[in-house]
Structure formats: C-alpha cells, structure tokens
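Student: Below is one structure. I have some questions about it.
The values are calculated or read from the model by the stated rules, or taken from the named source; none is laboratory data. Please read these numbers as outputs of a predicted model, since none were measured by experiment. Cβ atoms come from the backbone with ideal geometry, glycine included; neighbour counts cover every protein chain shown. Keep in mind that these areas ignore ligands, DNA and RNA; they rest on the heavy atoms of the full protein, side chains included. Shrake-Rupley method; radii C 1.70, N 1.55, O 1.52, S 1.80 Å.
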Amino acid sequence: MRKHFRIGSLLLATVGFAAVTAVAASPAHADVEDFTYDAWHVSYDVGTDENGRAVAQVTETVSPRFPETDQNRGIVRGVPVSYENVNTNPRDFTVTDPTGAPVPFEIDEEDGFRIVLVGDDTYVHGLQTYVISYTISDVVLARDDGAADEFYWDIMDFEHQQPIEQFSADLVFAPELQTAMTGNMRCYVGAPHSEDECAIGGTGTEADPVSLSGLSLGPEQGVTVAVGMAPGSVVQPPERLPNFALDGLPLIVGGAGLASAATGVVMVSRFRRQRRSGRGTIVAQYDVPADLPPLIAGPIVGSAVQPAATPQIIHLAVIGATRLEDGEPTGKKKKKKTQVVRVVDPSRAVDQLDMLTLQALVPGAVPGAEMTLPKESTAFAEKMTSLTSAGTAAAQARGYLEKAYAPGGRALGYATLAISLALVVFGVLGLVFRGSPLPLLFLFGGVFLGVSAFYGLAKHTVHTRLGAETRE
C-alpha cells in the first residue's frame, strides 16, 4: 500500500514574489494560478558523501505555459527542509533557461520549506522553460523493520493546482548504491494515498537509469517512487538512529516522576483526611453554638457546603437578628417573587461574623430597616464572596484550621520537581538532536510534573485537633 509523505517539492504554483501586483495589473483580474504545464522532467543523481550519508543532486526541467496577458511573472518552487525528523539542507540552487543562461531568482523560507522565487518584475507569456537545480541530503531511509534501505520520495508533489501534460523522471545511483540495489521498486501516481501504480524500470546506471515517463497529471496529483536497497547501504543521520538516552531513558524517568507525583498526592490526601479525624465519637447537638455561625462552620465541615453565605443569611433569621419576608412581586406580570431581609434585633448578632453579615446586608443595621435580596447583582455577589473568605480566615484565626506541610509530601515534591527539570532538559536536547515530536511529550511531561510537584511542596489547610473535634 502506498504511503504518503509530503516530501519531494512543494509547488505553490503562483506568480512568485509579485503575485499581488500581477493580479492588480491584469485587466480581467485572472487567477494567477490559471496556467498549465506542457512538460515536467526531474532527474535525481543519488550518491553518498564522505560520511556515507545519502545525498541527491536534483535537476527539474519545468515548462509552464502562461497566458498572453500580463498575469504571471514566474513560478514559485518549494523544497522541504525536514524529512523524517532530519534537516535535508536544500542548497546550491541555480535556475537557468534551456541554453544555460541564468534566470533571476530569490530564496526564501516559509512553513518548513525553502522557497525558490523564479522570475523578476518582468511579465512572462506563452511557453517558458526553467531548469532548477539543487542539492538535498539524507534522502534514503532505513525501514523500521530493518529489512532494507529505501529511496522513498515524492518526486512530484500533491500541491500543484495546474495540470501537467507530460511528466517523466530519471534516477541515477552512484556505483556504491547500484551494487546495493535489490531490484525492488515501485511507482505510485494520483492523489495522496492512491494505490494506482505506474510503470518504472531500469538498473540505476547513467546508461540505464531508473525511469518513468508518459504520465499525465491532473491538479493535486503526485508521483511517488520507492527504490529498495540492502540494509545499511547508507549511513543514517543520528536523528534517525535509536538513542536510548534521548528516547527511552526519558520515558523511564517520566514514569518515575508520575509515580512520585501520584504518591505525593496520596500522602497529602491521607494527611488531610487524618487531620479531619477527631475523637471518633459524634455527640449530637441540636442548637447552633453561638461561636459557630455558618461562615465558620462551612470551612470546618468542608467544601461540600460552600459557599456559606446563603446559610449565614438564614442563620441571622434563626437567631432572631432578622426576619425573612416575602417582598412585592416584580416583573412585567408581577409573578417574580422577591425575598426581603428586615432587621429585628441586631443585638442578637453576637458573633463578629454575624454582625459583619448583617452590616453587609443592611448597612447601619437599624431595627426595621430592610433590604430586598437581588436576583442578579455583581456587587451583592462580591459581598457574599468576601463574607465566605472572611469565614475561612476566621476559622484559621480561631484555631480550627491551620496551614501545615504533609509529612513526606515535601520530599516527594522535591523529587518530582527534580525529575520534571530532568525531563525538560531531555526534551530540549531531543528537539535539538532528534527532531521528532517525542521531545515535545517530554517537555509537556516536565511542565506537568513541575506543577504537580508544588502540590506536595506547599502547605495545606488542615484541621487542628480542635477543628477535627468541632467538625465531628
């Protein structure tokens, strides 16, 4: 089955670096991609460098046919900078016409491609031919199963928007690679992932290159070739070779970090649960203790009853400081019920938090004064939030809660933090020397573990002995 790698070259198929100007100058505002290719021929000379790594000299003879109107100034050709986690280092670019005369061009970088902008400010018309040459490295892959090396390449990309009347290709391999060729080769043509095969043959010598011809391609149809060689025919770059220190070891370290972080969370949770246990005997009480208004009782009992502002309002009515009344209906049809808080006896609000709540509801707290509780009010919601925070602070100030480190949690937190820093280092080194997506996982894992570490390192709000007994 055909694999699909967007390698080879990216054809942007526009007017080059003057696209916008060209369109503006066209009376009919024609699409700058509205042209065709009479022919497209590619030649690959594949060999090895002094280190035994694969290198290819590529020559593309491209013959676009432009309209006779002032629409196009040239073409744009892109060569991928990265292939299978390795920098292909596209270089040594030249552009000429068929006679060898130089054609003006510029080189740019965009979205992982080295872009060749062919042409200048001069409009071109009719049939043109450009000969584009360049060099790329590490074009031969070692199969994952180790059974073979392969020159596996999209010699015609899938990005072009124009039809190509005649596409052909020749592949010549250096003598040291010719002897390694197994004779297994495939050619695929069509849309990405197409399994349609095309005829290919040859021994790879200059006299008998691996070749294919006579292909007619529609827009976004490409050609992929695979030429098999004996395993170890070329030296693979370090980024493609197994590296336990940068691939396997970080996974082990990350696993240890997860175990450390999880153990820290368990220890902190156990510590907090233990601090909630008091005498183990619950003595039922049916009256609200004067020193335990809901604003304090809420944090002592736990987050399940938060926020405590609503029960605090009811508490004021229970102790006789206020009375809750039905207010006048509101709304267009007078069907929306309202709740009124009326001050009855402010002296019954003996606890500081009770008086704080009363003053927040009815400033001045004069007997007979009232306040209609709003259905929606940002200011009122902020007041209730402040009351809830005041209750939590009072619970700590009165000795029910305290901030404390979990025994063993800090040690595990420091261990997790150290592991997270190690993972970040592994991730950075992996991005520099490996070029695969795996180091990004290490970086994410390092950040995650770093955040998790502070859970064990931080002080946690827990019950004192008094707080645990009061909670019961």
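Student: Quote the charge dipole size of the range 262-413 about the Cα centre in Debye, to the nearest 20; the model charges only the Cβ of Lys and Arg (+1) and of Asp and Glu (-1).
Tutor: The dipole magnitude comes to about 720 debye.
Student: Next question, about the same structure. Determine the gain in length on full extension of the stretch Gln161-Thr385; use 0.36 nm per residue of separation and subtract their C-alpha separation, reporting nm with one decimal. Walk me through the intermediate numbers first.
Tutor: Details: separation 224, 0.36 × 224 = 80.64 nm, distance 6.05 nm.
Net length gain for the segment: 74.6 nm.
Student: In Å², and per residue, what accessible area does the range 100-176 have when probed at 1.4 Å with the other protein chains present? Walk me through the numbers before you get to the answer.
Tutor: Values: 3140 Å² over 77 residues.
Normalised by residue count, the accessible surface of the range 100-176 is 41 Å².
Student: Tell me the per residue accessible area of the range 322-407 using a 1.4 Å probe; a whole number in Å² is fine. It would help to have the intermediate numbers written out before the result.
Tutor: Details: 5310 Å² over 86 residues.
I get 62 Å² per residue for the range 322-407.
Student: Given Ala207, Val235, Gly399, which one lies farthest toward the positive end of the charge dipole of the chain, if we put +1 on the Cβ of every Lys and Arg and -1 on the Cβ of every Asp and Glu?
Tutor: Gly399
Student: With the dipole of the chain worked out from charges on the C-beta (+1 for Lys and Arg, -1 for Asp and Glu) around the Cα centre, which of Leu251, Val58, Leu127 lies farthest toward the positive end?
Tutor: Sorting the options by dipole projection puts first Leu251.
Student: Starting from 0.36 nm per residue, how many nanometres of slack lie between Thr135 and Arg272 once their C-alpha separation is accounted for?
Tutor: Numbers: separation 137, 0.36 × 137 = 49.32 nm, distance 6.48 nm.
Value of the extension gain: 42.8 nm.
Student: Any idea which of Thr464, Gly450, Val425 is furthest toward the positive side of the dipole for the range 403-472, if Lys and Arg beta-carbons carry +1 and Asp and Glu beta-carbons -1?
Tutor: Of the candidates, Thr464 comes out farthest on the positive side.
Student: At a Förster radius of 41 Å, what calculated FRET efficiency corresponds to the Cβ-Cβ distance of Gln339 and Arg465, to the nearest 0.05? Provide the component values of the computation, followed by the final result.
Tutor: Numbers: r = 39 Å, r/R0 = 0.96.
Given R0 = 41 Å and the Cβ-Cβ separation, E is 0.55.
Student: Can you order the peptides 202-212, 366-376, 130-140, 32-42 by their average number of other Cβ atoms within 10 Å per residue, highest first?
Tutor: 130-140, 32-42, 202-212, 366-376
Student: Okay, moving on. Using percent of Cα pairs over 37 Å apart as the read-out, say which of (i) 45; (ii) 57; (iii) 38 was calculated from these coordinates.
Tutor: Computed from these coordinates, percent of Cα pairs over 37 Å apart corresponds to label (ii).
Student: Give the cross-link partners of Lys337 among the aspartates and glutamates, using a straight C-alpha distance below 15 Å as the criterion and excluding same-chain residues fewer than 8 apart.
Tutor: Lys337 reaches Glu325, Asp326, Glu328, Glu376.
Student: Any idea what angle helix 378-397 forms with the longest principal axis of the chain, computed on alpha-carbon atoms, 0 to 90 degrees, nearest 10?
Tutor: 70
Student: What FRET efficiency do you get for Val301 and Leu258 if R0 is 35 Å and r is their Cβ-Cβ distance, rounded to the nearest 0.05? The partial results should precede the final answer.
Tutor: Working: r = 33 Å, r/R0 = 0.94.
Plugging the Cβ-Cβ distance into 1/(1 + (r/R0)^6) gives 0.60.
Student: Go through 147-159, 287-299 and give me the packing order, highest mean Cβ count within 10 Å leading.
Tutor: Numbers: 147-159: 21.7, 287-299: 19.3.
Going from most to least packed, we get 147-159, 287-299.
Student: Taking only protein heavy atoms and a 1.4 Å probe, what accessible area per residue, in Å², does the range 409-452 have with all protein chains in place? Each step should come with its number before you reach the end.
Tutor: On the way: 2250 Å² over 44 residues.
Accessible area per residue: 51 Å².
Student: Spin-label point model (7 Å from Cα, Cβ direction): what's the Arg323 to Arg65 distance in nm?
Tutor: 9.9
Student: Any idea what the dipole of the range 329-472 comes to, in debye rounded to 20, about its Cα centre with Lys/Arg Cβ at +1 and Asp/Glu Cβ at -1? Don't skip to the end; give the middle numbers.
Tutor: Values: 17 positive and 9 negative charges, 148 e Å.
So the magnitude is around 720 debye.
Student: What part of the accessible area of the chain, given as a whole %, is carbon or sulfur when the probe is 1.4 angstrom?
Tutor: The computed percentage sits at 57.
Student: Mind giving me the FRET efficiency for Leu127 and Val432? R0 is 45 Å, r the Cβ-Cβ distance, nearest 0.05 is fine. Before the final figure, lay out the partial values.
Tutor: Numbers: r = 47 Å, r/R0 = 1.04.
Calculated transfer efficiency: 0.45.
Student: Working from Cα positions, state the angle (0 to 90°, nearest 10) between the long axis of helix 309-318 and the longest principal axis of the chain.
Tutor: Approximately 10 degrees, to the nearest ten.
Student: If each of Ser168 and Leu241 carries a label point 7 Å out from its Cα toward its Cβ, how far apart are those two points in nm?
Tutor: Each label point lies 7 Å from its Cα, and together they span 4.1 nm.
Student: Treating each Cα of the range 178-290 as an identical point scatterer and ignoring solvent, apply the Debye formula and state log10 I(q)/I(0) at q = 0.21 Å⁻¹.
Tutor: -1.16
Student: When the helix-only estimate is applied to the chain (DSSP H runs of n ≥ 4, each -39,500 (n - 2.57), divided by the residue count), what is the mean residue ellipticity at 222 nm, nearest 500 deg cm²/dmol? The partial results should precede the final answer.
Tutor: On the way: 10 runs with 139 residues, N = 472.
Computed ellipticity for the chain at 222 nm equals -9500 deg cm²/dmol.
Student: Also: Quick one: length gained pulling Thr281 to Asn85 fully straight, 0.36 nm per residue minus the C-alpha distance?
Tutor: Numbers: separation 196, 0.36 × 196 = 70.56 nm, distance 6.48 nm.
Contour length minus the Cα-Cα distance gives 64.1 nm.
Student: A follow-up question, please. Using only Cα atoms and rounding to the nearest 10 degrees, what angle (0 to 90) does helix 438-457 make with the longest principal axis of the chain?
Tutor: Long axis of 438-457 versus the principal axis of the chain: about 10 degrees.
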